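The values are calculated or read from the model by the stated rules, or taken from the named source; none is laboratory data. What you see is a predicted model; the values in this text were computed from it and never measured. Don't worry about glycine lacking a Cβ; one is built from the backbone with ideal geometry, like all the others, and counts go over all protein chains shown.
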Amino acid sequence: MIKRNLFAALGLVTLLSGCASNNGLYQWGNYEEALFVNYHEPAVKEEMLDNYLAFVREYEPGKQTIAPGLYAEAGTFMLNRGKAEEAIAFYQLERDNWPESEALMTTLINNLKERTQ
């Protein structure tokens, strides 16, 4: 029983240390704050979303990889603002930068293009 607990503890430590070593892997900008404000502080929602969108638009590839999903989230923010063309552009960036998202992003893009025609 003690050996089992010891192995479980070592496994947990290994897992957590693996997660900790990836802390600087992706650039997140102010995503967490923007998402919180989007749902909980409507008075400053637009300003925070504008700051988030500026980060995503001005991101310089090569320095660090933008986190997966950030372009798609920016696209959704634009779609919620009624700007389907800009949403499509962000969804295309997500698809181009994260190949594993290709099926979902292509479906979203095609559906939006059909709706806007």
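Table: residues versus (1) under 14 Å from the mean Cα position of the chain (by Cα); (2) hydrophobic (A, V, I, L, M, F, W, C).
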{"position": "Ala34", "(1), (2)": "yes, yes"}
{"position": "Ala43", "(1), (2)": "no, yes"}
{"position": "Asp50", "(1), (2)": "no, no"}
{"position": "Gly69", "(1), (2)": "yes, no"}
{"position": "Gly75", "(1), (2)": "yes, no"}
{"position": "Phe90", "(1), (2)": "yes, yes"}
{"position": "Thr106", "(1), (2)": "no, no"}
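Please state which one of Glu73, Glu86, Glu41 is free of Cβ contacts under 8 Å to residues at least 12 places away in the same chain and surrounded by 14 or more Cβ atoms within 10 Å (Cβ to Cβ).
The match here is Glu86.
Working carefully through the options Thr107, Thr65, Thr116, find the one that is modelled with pLDDT under 90, of a type in the set (Val, Ile, Thr) and more than 17 Å from Tyr26 (Cβ to Cβ).
Working: Thr107 fails: modelled with pLDDT under 90; Thr65 fails: more than 17 Å from Tyr26 (Cβ to Cβ).
Sole residue among the options that is modelled with pLDDT under 90, of a type in the set (Val, Ile, Thr) and more than 17 Å from Tyr26 (Cβ to Cβ): Thr116.
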